[in-house]
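Shown next, in structure tokens, is the structure this report addresses.
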Amino acid sequence: MATAQVMRAGFADSTLIERCRRRDEAAFAEVVARYKNKIYNYVCRMMGNDDDAEDITQEVFIRMYQSLGSFRQQSSLNTWVFRIASNLCIDHFRRRKKHQAIAYSLDETDDTGERAGPDREVPDATYEPQRLLASSEMSAQIEIALTHLPDKLRSVVLLYDLEEMSYEEIARVLEIPVGTVKSRLFNARLQLRKRLSDYLNQE
């Protein structure tokens, strides 16, 4: 049943894209309606700013529309839309940090644990954002904790825990190895554990 649903969803996405390529405005409106809230929520948590999130979300669909001719459907529509959103967030962070005269390097490893190795297992589910957000008294704390994660860690934990993407799909979205996805998720969970356990210990 699940496989059949995935196949139907993929076929529907493929049909939508073909219609969009023919400049079918109704088809593009359907894509926007299907993904706008998901992308907005993701970008909002990435940026920590409603105004930036609104602007970037609009830019995601502008970029998507402009790039329809180059989309070869080697990945799903979901992966493609989130990749555009992630790249725009990264571009925004780069501009922001450049403006603040802070060096930004995709190779920095001190706080993200990039060299921790791909074989680490993700820590236990105690501090999964999806589960904690279901508790109203913890929702504000988890949102704050997420904003304190480095950009690269925040994107992985949002895609895995809140968007429920697989390691492989996240790797395609962020264009990084699966081992790097696991390493970043491991370190994100560790940092969330520390921040949230400090809060819980104050209760």
Is it the case that segment 151-159 has a residue that's open to solvent by 40 Å² or more (accessible area, probe 1.4 Å) and either at pLDDT below 90 or in a helix (DSSP H, G or I) (or both)? no
Which residues, taken from segment 166-191, are within 15 Å of residue 85 (Cα to Cα) and assigned to a loop (DSSP other than H, G, I, E, B)? 175
Of the residues in segment 25-61, those that are touching a residue at least 60 places away in the same chain (Cβ under 8 Å) and buried (at least 16 other Cβ atoms within 10 Å of the Cβ) number 4
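The values are calculated or read from the model by the stated rules, or taken from the named source; none is laboratory data. Note that this is a predicted model, so its numbers are computed, not measured. Here Cβ is always computed from backbone atoms with ideal geometry, including for glycine, and neighbour counts include all displayed protein chains. For accessibility, only protein heavy atoms count, side chains too; no ligands or nucleic acids. Shrake-Rupley method; radii C 1.70, N 1.55, O 1.52, S 1.80 Å.
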